[in-house]
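K.L.:
Here it is, the structure in full.
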Amino acid sequence: MSLSARAAGNRSFAVGGLLTLALLATAALSLVWTPLSPYLIDVPQKLQLPSARHWFGTDSLGRDVFSMLMVGAQNSILVGVIAVSVGLLLGTALGVLAAERRGWVEEAVMRLADFTFAFPAILLAIMFTAVLGAGIVNSIIAIGIFNVPIFARVARGSAKAIWQRDFVMAARAAGRNRLGITLVHILPNILSVLSVQVTIQFANAILWEAALSYLGLGTQPPQPSWGRMLNDAQAQLFQAPWLALFPGFAIMLAVLGLNLLGDGLRDLLDPRGTRRAIAAPPARR
Amino acid sequence: MPRTCYAIAAAIAIALLPASGHGEEKKDTLVLGMILEPPGLDPTAGAAAAIGEVTHYNIFEGLTKITADGTVAPLLAESWSVSPDQKTYTFRLRGGIRFQNDEPFTAADVKFSFERDAAESSTNKEKAVYADIAAIETPDPLTVVLRLKQVNANFLFNLGENTGVILEPKSAASDATHPVGTGPFTFDNWVKGASITLAKWPGYRDAAAIKLDRVTFRIVNDPAAQVAGLLAGDIDAFPRFGALDSLKQFQGDARFTVTVGSTEGKTILAINNKRKPFDDVRVRRAIAAAIDRKAIIDGASNGMGVPIGSHYTPNDPFYIDLTGRSPYDPAKAKALLKEAGVSLPLKVTLTLPPPPYARQGGQIIAAELAEIGIDARIEMVEWAQWLDGVYKHKNYDLTIISHVEPRDLAIYANPDYYFQYDSKEFRDIMEKVNTTADASERGRWLEAAQRGIAEDAVNAFLYVLPQVTVAKKGVRGLWRNSPIFANDLAAVSWQ
């Protein structure tokens with residue numbers, strides 16, 4: 001069965017992919033069009049119920065919730081992409097290095113990762129933004145830093161397994177240097193594991209960004225952010241409960257979509273899940 | 001015969017029913033909601049208004065009392081006389097009063113307290129008032145003579161603020177954690193972050209008149225939790241209710257009474273007068289003209305609140321309405337910026353502390369400033385950061401804050417105050433306000449003072465914070481207005 005046919009048959013992958021696409025499309029669309037300006041304050045129109053003009057109603061300053069959600073998606077994706085890229089690049093480099101060098105380098109990298117893991121991610125991010133100041137850039141840095149050890153661990157674990165494979169032994173016997181082996185044999189073979197991790201970390205980054213903004217440490221107003229919309233809605237929970245529902249659903253759907261996509265990807269890329277499973281390694285020559 | 005017994009028993013039971021069935025256990029306890037937790041409980045040592053909300057009149061008392069309508073009445077002093085030159089005050093103290101640790105209250109305690117307030121190490125918010133006392137004489141245990149260095153027409157009012165309460169020498173050092181005063185309630189328990197409980201003090205001079213046995217101040221910061229607490233019945237009354245957007249639901253509910261009064265909270269957009277380009281009066285006037293007070297009152301205060309044009313409220317003596325001096329006029333604001341030669345867009349920071357008037361009002365102001373080309377970046381901070389960064393180190397451009405202290409025009413005479421307004425002319429006016437004995441002449445100087453800071457657009461003056469109280473039906477005696485931040489529990493009872 002071809003990969004595309006299997007992909008269509010994998011329900012997690014299909015649903016997750018659709019949700020993620022919707023998220024990306026919303027963010028892209030919001031760059032050029034929103035029903036109303038998310039920055040337009042119109043106090044007399046505050047706390048309106050959803051209507052033809054305001055699809056998701058208005059917040060306590062009369063801003064259009066639907067438009068704010070659209071622009072908020074941009075924000076979440078921006079934080080997710082940059083923070084995960086930072087983690088992916090630095091973490092993978094460290095992990096692969098550790099797998100290749102072994103010995104004290106591996107120990108040092110892994111103990112450093114353990115050290116970072118000892119602090120709950122969100123606490124670390126709060127500490128970071130509290131010291132450096134609140135704002136979107138600092139929250140990206142904080143989330144990015146925590147992504148590094150996660151990718152380092154995943155990359156090291158899978159890279160070590162690849163190093164044991166026969167084709168790597170063969171390459172070594174043929175006299176290929178270790179950097180060459182890492183680039184040609186190791187990296188391509190751990191890509192599938194990493195891509196699954198990317199989707200999961202992306203979902204986490206969106207959650208963390210929302211959490212930081214909820215606490216007032218992330219994105220600063222007037223830039224809309226799902227987390228801060230939740231916080232604002234909290235004060236009006238009795239008066240206008242729908243204000244909390246919409247950003248809550250947005251966060252839930254985005255995170256659900258990315259997690260399903262990750263699940264689907266894992267199933268698709270995991271050789272054991274397919275009929276070709278007996279022909280063990282996804283070998284490369 | 002047994003039948004009669006039953007009948008009598010039933011009659012007694014019925015007779016008892018209404019009394020016990022009406023929530024008798026609630027009649028002598030009260031749970032009051034408050035928004036901010038005080039940092040300590042000694043009002044003479046800290047600036048937080050929350051200290052007075054708990055302790056003033058309840059635990060601690062001063063020589064005079066500021067009543068609900070803002071007038072001065074006797075409290076620990078039963079009478080006083082003022083010399084013709086207004087510099088010597090002779091107080092006759094109430095006799096037979098004891099402190100809650102059983103020490104007698106005498107003139108020596110007054111002398112001790114005021115000297116402590118004026119001392120080098122004093123952190124009293126109104127230190128200047130006490131530093132201005134040249135001599136304290138105690139000819140007999142119930143007479144105190146205060147000689148002032150200069151006339152202070154507000155002196156009796158100052159003594160009635162929570163910064164003027166009388167402490168007992170032996171317990172003064174520990175008053176921040178275990179306050180001991182002369183008031184009707186004693187400190188019972190403080191669960192940090194949650195609540196402070198006071199208990200009725202049987203040794204109070206008029207204990208029979210106090211209706212409540214225990215009062216718990218419950219600290220509820222979150223507006224949604226304030227609403228939930230009242231609806232669930234956990235909180236009996238919330239004197240400075242914060243969730244103004246939710247007010248409608250209490251107004252339509254027969255279980256609650258809602259009163260809307262006023263405070264002395266002058267809400268302002270404070271401007272750092274030393275920072276460029278705000279050192280130019282035209283830029284400050286432009287900011288004032290860019291702001292639509294009505295939009296802010298509607299958006300940040302649910303339409304409640306009186307607009308002001310100076311640092312003075314309509315409750316204060318000799319108030320003049322100066323809102324007409326700085327009407328909403330974006331076109332004029334732009335012209336002023338152009339005249340001042342400011343290159344647009346002007347990038348500034350707008351620092352916002354937690355209350356809704358700042359967080360909500362700040363976003364409206366940022367949008368209004370954007371209209372005239374000022375790009376205000378919002379920075380949200382917690383109280384500790386605000387007190388340290390803005391108030392102490394003056395490290396800010398613009399901020400929104402409410403000054404709840406009554407009649408505090410004098411802060412503009414202090415060039416070191418956080419908005420750094422430095423005007424010799426204004427200081428001279430305040431000098432006249434402070435030292436003029438004749439009431440109507442002093443009034444003219446007070447008007448000049450209000451006009452002076454409005455003319456100089458020291459800050460953009462927004463509105464007076466409303467005092468909104470939501471209480472269960474049957475709670476009596478709470479203040480409708482807040483001339484000072486206090487909860488006078490001696491007058492509170494269940495109907």
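Quick note: the coordinates plus some simple rules give every number you see, no bench work behind them. Just so we're clear, the structure is a prediction, and the values are computed from it rather than from any experiment. Quick reminder, even Gly has a Cβ in these numbers, built from the backbone with ideal geometry, and neighbours come from all protein chains shown.
K.L.:
Can you pull out the trypsin sites (Lys or Arg not before Pro) in the range B:410-482 whose DSSP state is coil and whose Cβ has at most 15 other Cβ atoms within 10 Å?
P.N.:
B:Lys473, B:Arg480
K.L.:
Among B:Pro406, B:Met430, B:Pro307, whose Cα projects farthest towards the positive end of the dipole of chain B, with charges put on the beta-carbon of Lys, Arg (+1) and Asp, Glu (-1)?
P.N.:
Of the candidates, B:Pro307 comes out farthest on the positive side.
K.L.:
With the Cα gyration tensor of the protein assembly as shown giving a ≥ b ≥ c as the square roots of its eigenvalues, does the rule (a/c under 1.5 for rounded; else a/b larger than b/c for prolate; else oblate) give rounded, prolate or oblate?
P.N.:
Prolate.
K.L.:
What is the distance in Å between the Cα centroid of the range A:139-182 and that of the range A:13-30?
P.N.:
Spelled out, the Cα-based centre of one part sits 31 Å from the other.
K.L.:
Still on this structure: Where in the range B:120-224 are there trypsin sites (Lys or Arg not before Pro) that are in a DSSP coil and have at most 12 other Cβ atoms within 10 angstrom of their Cβ?
P.N.:
Answer by residue number: B:Lys149, B:Lys170, B:Lys192.
K.L.:
Can you pull the Kirkwood radius for the range B:265-465, inverse mean 1/r over Cα pairs, to one decimal in Å? Provide the component values of the computation, followed by the final result.
P.N.:
Working: mean 1/r = 0.0592 Å⁻¹.
After inverting the pairwise mean of 1/r, the radius is 16.9 Å.
K.L.:
Could you give the size of the charge dipole of chain B about its Cα centre, using +1 on the Cβ of each K and R and -1 on the Cβ of each D and E, expressed in debye and rounded to the nearest 20?
P.N.:
That gives a dipole near 760 debye.
K.L.:
Projecting each Cα onto the charge dipole of the protein assembly as shown (Lys/Arg +1, Asp/Glu -1 at the beta carbon, about the Cα centre), which of B:Ala366, B:Pro139, A:Leu245 comes out farthest on the positive side?
P.N.:
Looking along the dipole axis, the top candidate is A:Leu245.
K.L.:
Once amide H atoms are placed 1.01 Å from N in the peptide plane, what residues at a sequence separation of 5 or more from B:Val468, or on another chain, have their amide H within under 5 Å of its amide H?
P.N.:
Answer set, sorted by chain and number: B:Phe241, B:Gly261.
K.L.:
Under the rule of at least 5 residues apart or a separate chain, name every residue whose amide H is placed under 5 Å from the amide H of B:Leu322.
P.N.:
Those lying under 5 Å, H to H, from B:Leu322 are B:Gly309, B:Ser310.
K.L.:
Using mean Cβ contacts within 10 Å as the protection proxy, how do B:243-252, B:41-50, A:157-166 order, highest first?
P.N.:
Going by the mean number of other Cβ atoms within 10 Å, highest first, we get B:41-50, B:243-252, A:157-166.
K.L.:
Rounded to the nearest 500 deg cm²/dmol, what is the calculated helix-only ellipticity per residue at 222 nm for chain B, with -39500 (n - 2.57) per DSSP H run of length n ≥ 4?
P.N.:
-8500 deg cm²/dmol
K.L.:
What does the charge dipole of the range B:265-465 about its Cα centre add up to, to the nearest 20 debye, if the Cβ of each Lys and Arg holds +1 and the Cβ of each Asp and Glu holds -1?
P.N.:
The calculated dipole for the range B:265-465 is roughly 340 debye.
K.L.:
Would the range B:64-174 count as rounded, prolate or oblate if I go by the C-alpha gyration tensor, calling it rounded below 1.5 in a/c and otherwise prolate when a/b exceeds b/c, oblate otherwise?
P.N.:
Working: a/c = 1.33, a/b = 1.17, b/c = 1.14.
Cα axes put the range B:64-174 in the rounded bin.
K.L.:
Is the range B:382-495 best put as rounded, prolate or oblate by its Cα gyration tensor, with a ≥ b ≥ c the root eigenvalues, rounded for a/c under 1.5, and otherwise prolate when a/b is larger than b/c, oblate when not?
P.N.:
Because a/c hits 1.5 or more and a/b fails to exceed b/c, the range B:382-495 counts as oblate.
K.L.:
Please report A:Glu106, B:Glu368 as a ranked list, fewest other C-beta atoms within 10 angstrom at the top and most at the bottom.
P.N.:
A:Glu106, B:Glu368
K.L.:
Quick one: net charge of B:Ser482's neighbours, Cβ under 9 Å, K/R +1, D/E -1?
P.N.:
+1
K.L.:
Kirkwood Rh over alpha-carbon pairs of chain B, then Stokes-Einstein at 10 °C and 1.306 mPa s: what D in µm² s⁻¹, rounded to an integer?
P.N.:
The diffusion coefficient I find is 65 µm²/s.
K.L.:
Whole Å is fine, so just give me how far the alpha carbon centre of the range A:194-258 lies from that of the range B:195-266.
P.N.:
The distance from the Cα centre of the range A:194-258 to that of the range B:195-266 comes to 33 Å.
K.L.:
Only counting other Cβ atoms within 10 Å, I'd like A:Trp226, B:Trp190 sorted with the fewest neighbours first.
P.N.:
Listing A:Trp226, B:Trp190 from fewest to most nearby Cβ atoms yields B:Trp190, A:Trp226.
K.L.:
Something else about it: Can you say what percent of the DSSP beta bridges in chain B, counting only those with both residues inside, are antiparallel? Round to 5.
P.N.:
75 percent
K.L.:
Another question, then. Can you sort B:Leu446, A:Leu253 so the residue with the fewest Cβ neighbours within 10 Å comes first?
P.N.:
Details: B:Leu446 24, A:Leu253 14.
In order of increasing Cβ crowding within 10 Å: A:Leu253, B:Leu446.
K.L.:
In straight Cα distance, which lysines are under 20 Å from A:Lys46, not counting same-chain residues fewer than 8 positions off?
P.N.:
Once the sequence-local lysines are set aside, what remains near A:Lys46 is B:Lys248, B:Lys294.
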